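These notes concern the structure reproduced below.
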Amino acid sequence: MKRIYIAGPMTGLPDLNFHAFHAEADRLRALGYEVVNPAEINPDTGMAWVECMRRDIPELLKCDGVVLLEGWERSRGASLEAHIAHSLGMRLVYPGEVLEAA
């Protein structure tokens with residue numbers, strides 16, 4: 001697994017939880033992964049949910065796996081992303097799971 005997507009809750013959280021996405025992206029990049037971060041794909045916090053998902057999902061499809069942030073299961077978008085990844089046989093990395101360096 002070399003290219004990894006970050007999925008987690010955004011809607012209803014302060015600053016759309018961007019701090020958690022950026023922190024995880026930094027951690028994964030330090031481990032040598034190429035990271036796709038939805039907070040970087042959609043930096044405009046005023047974008048509609050559906051527009052964000054239309055931009056995020058094509059990028060998800062280019063990845064080898066998905067790292068799920070805490071609270072992902074309560075997020076409509078992250079749940080959809082996890083479902084797509086699982087259905088396509090991509091690796092899912094759950095909160096608390098240790099991920100080795102790339």
Quiz prompt | Matching residues, segment 49-61, being touching a residue at least 24 places away in the same chain (Cβ under 8 Å), closer than 13 Å to P38 by Cβ and open to solvent by 20 Å² or more (accessible area, probe 1.4 Å) | solution = W49, C52, I57, E59
Quiz prompt | Candidate set: segment 28-48, residues that are open to solvent by 30 Å² or more (accessible area, probe 1.4 Å) and either of a type in the set (A, V, I, L, M) or not in a loop (DSSP other than H, G, I, E, B) (or both); chosen: the one modelled with the lowest pLDDT | solution = M47
Self-check item: Filtered residues of segment 81-102 (kept if modelled with pLDDT of 95 or more and open to solvent by less than 80 Å² (accessible area, probe 1.4 Å))
Solution: E81, A82, I84, A85, S87, G89, M90, L92, V93
Quiz item: Does E24 meet the test of being open to solvent by 50 Å² or more (accessible area, probe 1.4 Å) and either acidic (D, E) or in a strand (DSSP E or B) (or both)?
Solution: no
Quiz item: Taking the condition in a helix (DSSP H, G or I) and at pLDDT 95 or above, does I6 pass?
Solution: no
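The values are calculated or read from the model by the stated rules, or taken from the named source; none is laboratory data. A quick note: this is a predicted structure, and the numbers were derived from the prediction, not measured. Quick reminder, even Gly has a Cβ in these numbers, built from the backbone with ideal geometry, and neighbours come from all protein chains shown. We work out accessible area using only protein heavy atoms, side chains counted, and drop any ligands, DNA or RNA first. Shrake-Rupley method; radii C 1.70, N 1.55, O 1.52, S 1.80 Å.
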